[in-house]
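The values are calculated or read from the model by the stated rules, or taken from the named source; none is laboratory data. Predicted, not measured: the structure shown is a model, and the values here were computed from it. In this analysis, Cβ positions are derived from the backbone assuming ideal geometry, glycine residues included, and neighbour counts consider all displayed protein chains. Just the protein is used for accessible areas: all its heavy atoms, side chains included, with ligands, DNA and RNA removed. Shrake-Rupley method; radii C 1.70, N 1.55, O 1.52, S 1.80 Å.
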2 protein chains.
Amino acid sequence: MIENRRRFNKQEYNDRVLKTRKAMFDKDVELLIVTDPANINWLTGYDAWSFYVHQCVVIGTDNTLFWFGRIIDAAGAAMTTDLSAENIIEYPDNYVQSEQEHPMEYLAEILQKKGLSNSKIGLEKDNYYFSARAAESLYRGLPNAKFVDANGLVNWQRAVKSSQELIYMQRAGQVVEKIYQRVMTVATPGMRKNELVAEILHAGTLGTDEHFGDYPSIVPLLGVGEESAACHLTWDGGVIPADSGICMELAGVHARYHTPCSRTLYFGQPTQEYLDMEKMVLESINITLEMFRPGNTCGEVADVFFDFLKKQGFDKANRVGYPIGLSYPPDWGERTMSLRRSDTTVLEEGMSFHFMPAIWLDNWGFEITESVVVTATGAKCLSNVPRKLLVIE
Amino acid sequence: MIENRRRFNKQEYNDRVLKTRKAMFDKDVELLIVTDPANINWLTGYDAWSFYVHQCVVIGTDNTLFWFGRIIDAAGAAMTTDLSAENIIEYPDNYVQSEQEHPMEYLAEILQKKGLSNSKIGLEKDNYYFSARAAESLYRGLPNAKFVDANGLVNWQRAVKSSQELIYMQRAGQVVEKIYQRVMTVATPGMRKNELVAEILHAGTLGTDEHFGDYPSIVPLLGVGEESAACHLTWDGGVIPADSGICMELAGVHARYHTPCSRTLYFGQPTQEYLDMEKMVLESINITLEMFRPGNTCGEVADVFFDFLKKQGFDKANRVGYPIGLSYPPDWGERTMSLRRSDTTVLEEGMSFHFMPAIWLDNWGFEITESVVVTATGAKCLSNVPRKLLVIE
């Protein structure tokens, strides 16, 4: 491995592997096929844009731990992990995006050869990078294995952040501060949406003087005017008109760690509607941040927020946040807990969330959000972007 | 739908739906569940960063055609498609990233209600956004349906580009020209990798005066020095040293259409090794571009390239290109044909490829690539970036 590509010391990776093996043991999973790129990175350090082809890390409750990927990506595995050469296993290129052959057939052969074909095998069945055909190739290739859905098993191990992880997230928070500083400097009505996004991406990649900005797992999302009623539209070349609001969903990123932070901009004198909404959302943030304490559940956090919103006469059709940290496209969430009333997960110190009291109405929307870490005294924010409606006069 | 979000006229969308229904009929598929975001866009125009949750378009050989997605994304579907309100079907937010409930269970109920539960249903079984659990939820929810793997069915319909699609790809080509102009203006040894990428992303998003730059489905890939032996590493904050080579894999993008173009930069006086490699790669390009004519097969194109390379004493472990056009992360390829010896697909006028004679060696790499469209007289390049080793003195 190349030293400057190592994000954590060897001990931390060892601890993660141990923690994962323990969780596997508890769930009676002997062998886990890890396809989530963030889980792969978290366990081994592997970091490359190669998740558009099939790849995985295989971890066993014995001492099995190997990377499996495309032949041309093995060099990247050697550069970014501590795995020894025999634990970097490549498949030939004819398996890439072929209708005839599937990489998971090749993996099945390897597991056969290693004597692992009768194992109880955990699969990340709802991961983006574990397709239906990947699963069915394994079922056919390993008829004596017993398969179980272990989706989220590794993701859950990632929920409580280490001190080094929190340092990366704080750096990501500094990156998102830089982005908003740039936005406030350059944004003007009459600007094209893509011009504004060009500045956001530039600032976000530049990062701070000390810490590089990495790519976000979701590109900047802009909702201008009536388009802000839709929450996941991306930019085009349209002009941002005067006297309009824009919802911006952005993250600062460092070493694959994300600190999302959404704000609403207003070009011109904000309407009373925007000012009223700002007041309500800020109040909802103040009362809900208090709730991010060890021992409270996700549901209890959500209850406080949704009860407040209801009292104000508003409804929100979706969850009010999700865990964050290490991630790869297409999502910067960790896909474990959700801040919704029904979620009974108990908060622990060091868990990190994107708290997202975004309100989408019929023809406009409003977002002021914070990324936070759970502490004994409530939420600690991971970035310090002015928490208000950002007005460009 | 919002007029400025419409990328093609209604007739073109109708033609695509018709073409897809015909292909379904030929393959005896009555109902197709389309999860590839590029296929969804191509059929309906739907364009949003919402593919991190389950969504699909369902198309039947009858007149079935509806979008199915998360409740908060329905507004985006209304804004970017011509679908009527009853054909924009949303699922509630409690199905999002839940361990208890899966959106495809909800879709199964909808298909039951619509009387479509006994159909012969095609699935895109190897798509990123069609997980093993998505498939198994449908199998359980629709016990009387017959399921077939229709992976790539829509992708294949996209292979020959329409004149409007080629216009978008040419615009994307102009965007990538702008990116390389910026690179040649700003790149200096001593610069940090992320500083160079910040400029690339800025120029790529700005686009041209007339046409906005859209986000690439793969972020800029930089291989600096020995890291260029690995082909899919992304940037960090490392300094680009003098007297070093960098492989850059980039694309210009407009309205989701991609024109990739890779180049190698050299900071300082190139070594003889680089100059020899440049000569060989340029010659391989010259003789291979001739081959992109209707009637030739992908394999015949690959043969000419690989035979030439072999004669020069080089080997390349992977395919030498793939089809391109409309796409979403994590890949800008279309995942149908490949430029490899074994591929018997016959080229047709209007097919478009990223021809990629990249050479990765043990401790360095070299890339000069071209995006091309097949014409009666051979390949027509979609961008005009100086085809040479780019030297920064």
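Note on the stretch A:5-32: among residues that are of a type in the set (S, T, N, Q) and within 23 Å of the chain's Cα centre (by Cα), the one that is farthest from A:H211 (Cα to Cα) is A:T20.
Any chance the stretch A:144-151 includes a residue that's buried (at least 17 other Cβ atoms within 10 Å of the Cβ), under 16 Å from the mean Cα position of the chain (by Cα) and not β-branched (V, I, T)? Yes - at least one qualifying residue is present in the stretch A:144-151. Taking (1) part of a helix (DSSP H, G or I); (2) under 26 Å from B:L250 (Cβ atoms); (3) within 14 Å of chain A (Cβ to nearest Cβ) in turn, B:G299 satisfies each apart from (2). Applying the criterion of at least 1 residues that are within 14 Å of another protein chain (Cβ to nearest Cβ) to the helices (runs of 4 or more DSSP H) found wholly in the stretch B:1-93 leaves B:37-44, B:74-80. For beta carbons closer than 6 Å, sequence separation of 6+ or different chains, a first residue in the stretch A:141-168 that is free of Cβ contacts under 8 Å to residues at least 12 places away in the same chain and a second that is among the acidic types (D, E) and open to solvent by 50 Å² or more (accessible area, probe 1.4 Å), there are no qualifying pairs. Of the residues screened, B:S98 is not one that is in a loop (DSSP other than H, G, I, E, B), touching a helix residue (DSSP H, G or I) at 6+ places or on another chain (Cβ under 9 Å) and either charged (D, E, K, R) or without any contact (Cβ under 8 Å) to a residue 60 or more places away in the chain (or both). Scanning the stretch A:185-199 for residues that are open to solvent by 10 Å² or more (accessible area, probe 1.4 Å) and aliphatic (A, V, I, L, M), we see that the one that is farthest from the chain's Cα centre (by Cα) is A:M191. Consider the stretch B:250-282 and keep the residues that are open to solvent by 10 Å² or more (accessible area, probe 1.4 Å) and of a type in the set (D, E, K, R). The one that is nearest to the chain's Cα centre (by Cα) is B:E278.
Note on the stretch A:8-31: among residues that are hydrophobic (A, V, I, L, M, F, W, C) and closer than 14 Å to A:V57 by Cα, the one that is surrounded by the fewest Cβ atoms within 10 Å (Cβ to Cβ) is A:V17. As a summary of the residue check, A:V253 satisfies the conditions (1) in contact with a strand residue (DSSP E or B) (Cβ under 7 Å, 6 or more places away or on another chain); (2) over 17 Å from A:L389 (Cβ atoms); (3) outside any loop (DSSP other than H, G, I, E, B) except for the one numbered (1).
Taking the criterion of being of a type in the set (S, T, N, Q) and buried (at least 22 other Cβ atoms within 10 Å of the Cβ), the residues of the stretch B:42-62 that qualify are B:T44, B:S50, B:Q55. If the condition is being among the polar types (S, T, N, Q), more than 7 Å from chain B (Cβ to nearest Cβ) and crowded, with 22+ Cβ neighbours inside 10 Å, then the stretch A:200-227 contributes only A:S217. When A:L233 is tested against (1) farther than 21 Å from A:G190 by Cα; (2) free of Cβ contacts under 8 Å to residues at least 60 places away in the same chain; (3) open to solvent by less than 10 Å² (accessible area, probe 1.4 Å), only condition (1) is not met. Given the criteria more than 10 Å from chain B (Cβ to nearest Cβ), open to solvent by less than 40 Å² (accessible area, probe 1.4 Å), more than 26 Å from A:V373 (Cα to Cα) and not acidic (D, E), does A:I285 qualify? No, not satisfied.
Contact annotation: residue pairs with Cβ atoms under 8 Å, 6 or more positions apart or on different chains, pairing a residue in the stretch A:1-15 that is within 15 Å of B:L233 (Cα to Cα) with a partner that is among the basic types (K, R) and surrounded by 11 or more Cβ atoms within 10 Å (Cβ to Cβ), are A:R7/A:R256.
Do you know which residues across the stretch A:228-247 are within 13 Å of chain B (Cβ to nearest Cβ), in a strand (DSSP E or B) and under 27 Å from A:E334 (Cα atoms)? The answer is A:C247, and nothing else.
In the stretch A:93-140, the qualifying residues are those that are open to solvent by 10 Å² or more (accessible area, probe 1.4 Å) and of a type in the set (S, T, Y), and the one that is nearest to B:S338 (Cα to Cα) is A:S98. For the stretch A:310-357, the candidate set comprises residues that are in a loop (DSSP other than H, G, I, E, B), away from every other protein chain (no Cβ under 14 Å) and charged (D, E, K, R); within that set, the residue that is surrounded by the most Cβ atoms within 10 Å (Cβ to Cβ) is A:E349. Of note, B:E177 satisfies the criterion of being open to solvent by 10 Å² or more (accessible area, probe 1.4 Å), among the acidic types (D, E) and touching a residue at least 40 places away in the same chain (Cβ under 8 Å). For the stretch A:362-378, the tally of residues that are more than 15 Å from A:S284 (Cβ to Cβ) and of a type in the set (A, V, I, L, M, F, W, C) stands at 4.
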